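First comes the structure, then the notes that go with it.
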Amino acid sequence: MFVIRRLLALAGVLIVSSFLVFAAMYAAPGSPENFLVQGRTVSPDVLAAIREQYSLDDPFLVRFWNWITNVLHGDFGQSLSNRQDVGELLANRLPTTLMLVSLAAVIIVILGIGLGIIAGTRDGVVDKIIILGSNLGFAIPTFFAALILMSVFSVGLGWFPVFGSGDGFLDRIWHLTLPAFALALPSAAVVARITRTAIREERDSEHSAMARARGVPGGLVLRRHVIRNSMLPVSTIVGVHVAGLIAGSFVVEYAFTLDGLGTLLVGAVQRKDFAVVQAIAIILVAAFGIINLLVDLFYASIDPRVRLGLGA
Amino acid sequence: MSTQILPTHTRPAAPPLARFLVALYERMGVLGLIAIGIVLLVVLGAVLAPGIAPYDPTVGSVTQRYTGMTAEHLLGTDQAGRDIFSRLLWGARSSLAGPLIVVGVTAVFGNLIALVSVWWGGLVDSLLSRVLDLLFAFPNLLLAVLAIAVFGPSLTTAALALSIAYIPYTARVIRSTALRERNLPYVQSPQLQGISGAVITVRHLLPNIAPLIVTGATINFGFAMIELAALSFLGLGVQPPAADWGLMVSNGQQSLLKGYPAESLLAGLCIVLTVASLGYIGEKLGGRAAAGRKA
């Protein structure tokens with residue numbers, strides 16, 4: 001029930017936001033046919049032919065209707081700048097972005113939660129260092145981290161390739177390791193922080209004190225009572241940050257010149273190739289919504305107190 | 001008048017500045033003072049840039065490329081022979097102006113939306129909540145990139161678009177707090193006396209949630225600085241040859257790979273230090289606001 005309602009809400013958001021995006025592109029200054037002829041003087045006949053070919057003279061709502069029905073059939077139209085099928089362009093770019101975001105998500109979980117648990121359970125120098133590191137890490141822009149990692153590990157030490165996305169699965173991972181670290185760093189810093197606070201709260205709580213007083217071994221208290229309970233707030237934060245990676249990936253892809261959706265979007269914006277911009281925007285909004293939905297579902301599955309669709 | 005005028009000279013008062021610093025130290029700690037110092041330095045640099053920058057930030061000289069640190073060029077020059085120190089000073093201007101726009105616009109509209117929906121509730125509240133939900137569906141940077149696609153790349157476009165992306169976050173936080181305050185006696189009793197909602201909101205409600213607003217704005221400022229720098233890095237924000245920290249990081253990328261890291265490194269460090277300082281200050285302010293709330 002809950003899932004169906006959320007999916008319906010997501011569909012509603014997608015329809016409204018695709019309308020907004022389409023309207024914004026429609027209202028944008030500068031007409032597509034001027035872009036296509038690129039400043040050359042052409043006869044009005046040619047212009048009319050171009051307008052005819054791309055159905056630019058149809059009323060706005062008709063164009064929106066045609067576009068959205070085509071999108072629902074999987075047809076995103078043609079790129080204005082190189083006449084390529086937008087769907088095909090996206091399909092070529094999607095794997096890189098998907099892999100980059102998943103790798104970064106894994107790094108956020110392992111590094112963020114791992115360091116958070118270490119800082120939460122240990123006092124003194126280790127804790128202080130991790131806090132300081134997370135304070136700084138959070139302030140480092142992804143593109144700056146990208147440049148530093150690139151110059152140290154690719155140019156300096158030669159461990160990783162400088163540019164490109166690689167071919168084949170393993171080669172791709174190798175190419176995407178540094179970008180994923182750059183992308184994950186600020187989020188991992190925040191997650192480490194939240195984890196540390198949550199761990200400390202649970203560690204000082206009555207139920208873990210009680211468990212320790214009963215003589216339950218420290219390691220078991222930590223695993224069963226402290227870490228398990230503290231993962232509730234942490235999982236929300238992780239979810240928010242993983243969803244946020246979608247937009248963050250533009251910047252890192254650009255810094256490492258990866259052939260992902262982000263570089264495609266940035267290029268399309270600079271060339272005013274609106275067919276591509278619209279398509280990517282809709283896909284990213286959909287992905288953002290789906291990840292957020294998955295996070296909520298996951299949250300409900302680990303917290304038995306959240307009864308989906310019954311209480312609300 | 002029977003009250004005696006207290007002789008002030010018996011207790012030698014510390015100079016006001018020193019007293020202020022001590023009070024500041026007690027609240028913020030050593031790191032807090034350093035953070036405030038860094039932010040002040042950056043602001044000063046930005047304000048005084050036209051006066052103290054030794055060179056024109058956009059004019060270089062081919063004979064002065066990559067000079068390294070010399071007496072003439074304190075921090076060296078970039079690949080076009082432009083003085084990096086001067087560019088950092090001028091870059092502080094756009095790097096601060098952008099986030100300032102974002103924080104200002106976000107604070108005004110975020111709070112307005114929050115307070116209006118709390119005061120009227122009902123239909124207005126649920127309508128505004130739907131609008132905010134729609135904005136929440138767009139990742140911040142995506143919204144900014146879309147606006148830039150429509151209106152063309154510039155700092156103003158980027159900053160305004162980012163403001164729209166930030167408004168829902170501010171509005172949601174302020175709304176939930178204001179909703180709690182709404183039912184407290186200090187808000188309820190003037191309402192019973194027939195004082196208008198606008199007056200109560202401005203004179204009573206707003207001052208009580210002000211600490212939260214200030215904290216949020218400080219933290220937003222850091223976020224905005226990073227995201228605007230990222231947009232400039234992508235070539236969608238501040239346009240060359242203007243000096244901007246984000247732009248300098250991207251401009252210096254080729255030099256960095258060739259072994260001249262100064263430009264990217266210094267500009268990046270400026271961003272990191274400013275954002276980290278603001279984050280720390282915001283956190284201290286937030287802690288204080290939270291503590292005051294509990295007491």
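The values are calculated or read from the model by the stated rules, or taken from the named source; none is laboratory data. No experiment lies behind these values; they were computed from the predicted model shown. Reconstructed Cβ throughout: ideal geometry from the backbone, glycine too, with neighbour counts over all protein chains shown. With ligands, DNA and RNA removed, areas are computed over all heavy atoms of the protein, side chains included. Shrake-Rupley method; radii C 1.70, N 1.55, O 1.52, S 1.80 Å.
Details
- Heavy-atom accessible area for B:His73, with the other protein chains in place and a 1.4 Å probe, reaches approximately 10 Å².
- Total accessible area lost when A and B pair, probe 1.4 Å, Å² to nearest 100: 3400
- Less than 5 angstrom separates the built amide H of A:Gln78 from those of A:Val86, all sequence-distant by 5 or more or on a different chain.
- At R0 = 51 Å, FRET efficiency that the Cβ-Cβ distance of B:Ser154 and A:Arg228 yields, to 0.05: 0.55
- Within the accessible surface of chain A, defined with a 1.4 Å probe on protein heavy atoms only, the carbon and sulfur portion equals 67 percent.
- 0 to 90° range, to nearest 10: angle between helix B:122-136 axis and chain B longest Cα axis: 20
- Loop-exposed trypsin sites (Lys or Arg not before Pro) per DSSP, neighbour cap 16 Cβ within 10 angstrom, longest uninterrupted part of chain A: A:123-213
- Backbone HN-Hα couplings from phi across region B:138-146 [Karplus 6.51/-1.76/1.60, Hz, Gly and Pro as x]: 9, x, 3, 5, 4, 4, 5, 5, 4
- Choice from A:Gly12, A:Gly114, A:Gly260 showing the highest fluctuation, given a GNM over chain A with Cα pairs closer than 10 Å: A:Gly12
- Positive-pole candidate from A:Ala182, A:Gly215, A:Val234, dipole of region A:108-253, charges at beta carbon: A:Gly215
- Think of each Lys and Arg Cβ as +1 and each Asp and Glu Cβ as -1; about the Cα centre, that makes the dipole of chain B roughly 900 debye.
- Here the Karplus curve 6.51 cos²θ - 1.76 cosθ + 1.60, taken at θ = phi - 60°, turns the phi angles of region B:148-162 into couplings of 5, 4, 7, 9, x, x, 6, 5, 4, 4, 4, 5, 5, 4, 5 Hz, with x standing for Gly and Pro.
- Pair A:Leu170, A:Ile15: separation of 7 Å Cα→Cβ label points (nm): 4.9
- Protein-protein interface of region B:125-149, residues with accessible area decrease of at least 30 Å², isolated chain reference, 1.4 Å probe: B:Leu134, B:Ala137, B:Phe138, B:Pro139, B:Leu141, B:Leu142, B:Val145, B:Leu146, B:Ala149
- Gyration tensor (alpha-carbon) shape descriptor, region A:72-207, a/c threshold 1.5: prolate
- Within a Gaussian network of chain A (alpha carbon springs, distance under 10 Å), most fluctuating of A:Leu72, A:Leu261, A:Leu98: A:Leu72
- Helical runs assigned H by DSSP (4 residues or longer) give chain B a calculated mean residue ellipticity at 222 nm of -25000 deg cm²/dmol, each run adding -39500 (n - 2.57) before division by the residue total.
- Rolling a 1.4 angstrom probe over the protein heavy atoms with all chains in place gives region B:39-117 an accessible area of 47 Å² per residue.
- Short-range pairs are left out: with C-alpha atoms under 8 Å and at least six residues apart, the relative contact order of chain A is 24 percent.
- Angle between chain A longest axis and helix A:86-107 axis [Cα atoms, degrees, rounded to 10]: 10
- On region B:1-157, 72 percent of the accessible area sits on carbon and sulfur atoms, based on a 1.4 Å probe.
- Label sites at B:Glu181 and A:His207, each approximated as a point 7 angstrom past Cα along Cα to Cβ, lie 3.5 nm apart.
- Helix A:228-255 axis versus longest C-alpha principal axis of chain A: approximately 30°, rounded to the nearest ten.
- Taking B:Ala80, B:Ala23, B:Ala217 in turn, the Gaussian network model of chain B (Cα-Cα springs below 10 Å) assigns the largest fluctuation to B:Ala23.
- Solvent exposure of region A:50-121 amounts to 53 Å² per residue of accessible area, where only protein heavy atoms count and the probe is 1.4 Å.
- Cα-based shape type of the protein assembly as shown, given that a ≥ b ≥ c are square roots of the gyration tensor eigenvalues and the cut on a/c is 1.5: rounded
- Only Lys, Arg, Asp and Glu carry charge here, each on its Cβ (+1 for the first two, -1 for the last two); on that basis the protein assembly as shown has a dipole of about 2160 debye about its Cα centre.
- Mean residue ellipticity, 222 nm, helices only, chain A: the sum of -39500 (n - 2.57) across DSSP H runs of n ≥ 4, divided by residue count and rounded to 500, is -23500 deg cm²/dmol.
- Region B:6-138 shape via C-alpha gyration tensor axes, a/c threshold 1.5: oblate
- Kirkwood hydrodynamic radius of chain B, from inverse mean 1/r over distinct Cα pairs, in Å: 21.9
- Distances between placed amide hydrogens fall under 5 Å for B:Thr77 paired with B:Tyr66, B:Thr67, B:Gly68, B:Ile84, all partners being 5 or more residues away or on another chain.
- Per-residue Karplus couplings for region A:124-141, computed as 6.51 cos²θ - 1.76 cosθ + 1.60 with θ equal to phi - 60°, are listed in order as x, 4, 4, 4, 4, 5, 5, 4, 4, x, 6, 4, 6, x, 5, 8, 8, x Hz, Gly and Pro entered as x.
- Residues of region B:123-227: accessible area per residue with a 1.4 Å probe, Å²: 45
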